[in-house]
Amino acid sequence: MRRTGGQLVMLVAINCLLLVLGAAISDGSFLSLFNLQSMASQVPEIGLLAIGVMLAMCAGNGGIDLSGIALANMSGVLSAVIVGSFLSSSESPLMFSLAFMLVALTAGFAGGVINGLLISRLNITPILCTLGTQMAFTGLAVVISGGKAVTVGSPDLLSRIGNDMFAGVPISFLIFAGVAALIAAALKFTPYGLWLMLMGTNPKAAVYAGFPRNAVLVATYAMSGTLSGLAGIIIAARNVNVKFDYGSSYLLIAILIAVMAGVKPEGGYGRVICVVLSAIALQLMSSLLNFGGLSNFVRDFAWGLLLLAFLAIGRHDLVGFLFRGNRQRVGSGANPSSTRT
C-alpha cells in the first residue's frame, strides 16, 4: 500500500527515459510510427501472462503461476488440432477463427481451474503445483502435436487480431488494454478484489473473517488460466504455426514484469496499470537492446539482473523512501481499496 503512487510514477519515468534514450541512439527512428506499432504488437502476449502472475502473487502464501506460457502453448496446440480436424482455415476462415478462440479460451480456463483446485483443495504449495502442471501442459502439447509445429494458417479474423490496426493501434494491443481495464475494475469494485488482497495481506485473518478462501483461489487461477488461453490465441494470430515450446523465456519475463510493477511476492498488493506500464517498459528495453545489436543471450542475462535488482528494491522499499511524502499520506488515512487497480 505504501507504494501506491511511487511505483506508478517510477514506471512512467522509466518509460519516458527509455523513449528518450531510444530516440537519441537511433537518430529518431526508434520513435517512428512503424517501430512503435511493432513494439505495441509484441506487448499483449507477455503482458497477459504477467497479469496472470500478478493475480497469483496477490493471493499470498507464496502464490505464483509458473504454468502460464506452457498453458498458452497447450491451448493453442490443442485448439489447432481439434478445430483443424473438422474445419479448414482457408475454406471456413470465420468459423475456424471463432471455434479456435472458443476452444483455446476453454482450455486455458480448464487448466487454471485445475491449478486452483490442486492448490486450494489439496493445499499444494503454489510454486510446486504450477511447476508440475507446467510440465504436464507441455507434455500434453507434445503428445497432441507429436512434437511438431501445428499449422493454424491465416484465417481472416485471427489474422486481423494478430496483424491489423485500428486507428493506428494494433488490435491485439487494444484487446490487451481492454482486458487489463476489466481486471483492474474487478479488483477495485468487486468483493473478489477485496478478498484477494486482504487474503494475501493476512490469510489467517481472512479465514477467521469468513472469506471464501477456496473459491477465491480457484477464481484467481481460473482467471490466470483464461489469460493464458487468450495469450495462446494472440500467439497463434501473430504466427502461422503454434508449437509446444514457443516463448521459452516468457516465464522469466512475466515474473520480471510483475516484480517491476511492484507486486509483492508475499501477497496483498498489485496494480494492473503498473503491470501494463512494466510490460511496455520491458518491450522498450528489448527493442533498445536489438537496436544496439546485442544477442538474445545478453538480453536474458539483463532480464535476470533486472529481476534481482527489483526484488532488492522491493525488499528495502527504496521506492517508498524516494516518495516518502506519498507513503506518509497513504499511511495516515488513504483508502486501501485505491491500491488494488
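Quick notes
- Ranking of Asp27, Asp156 by neighbouring Cβ atoms within 10 Å, starting from the fewest: Asp27, Asp156.
- Cβ crowding within 10 Å, taken as a proxy for footprinting-reagent exposure, orders Tyr250, Tyr192, Tyr269 from fewest neighbours to most as Tyr192, Tyr250, Tyr269.
- Lys/Arg +1, Asp/Glu -1 at C-beta; the chain dipole; positive extreme among Val242, Met39, Gly6: Gly6
- Residues whose amide H lies under 5 Å from that of Asn241, counting only those 5 or more places away or on a different chain, are Val152; hydrogens are built 1.01 Å from N in the peptide plane.
- Lys, Arg +1 and Asp, Glu -1 on Cβ, resulting dipole of the chain about Cα centre, debye, nearest 20: 1100 debye
- Among complete DSSP H helices in the chain, those whose alpha-carbon atoms stretch at least 18 Å along the helix's long axis and whose mean Kyte-Doolittle hydropathy reaches -1.0 are 6-25, 33-58, 68-84, 93-121, 126-145, 171-189, 213-238, 272-291, 296-316.
- Centre separation in Å (Cα based) which lies between the range 236-311 and the range 156-229: 19 Å
- Mean separation of Cα contacts under 8 Å (6+ apart) over length of the range 6-327, as relative contact order %: 34 percent
- Convex hull of alpha carbon positions in the chain: directionally averaged projected area 17.6 nm².
- Cα gyration tensor shape for the range 12-57, rounded if a/c is under 1.5, else prolate or oblate: oblate
Since every read-out is calculated from the coordinates, none of them should be taken as a lab result. Computed from a predicted structure; not experimentally measured. Cβ: placed from backbone, ideal geometry, glycine included. Neighbour counts: every protein chain shown.
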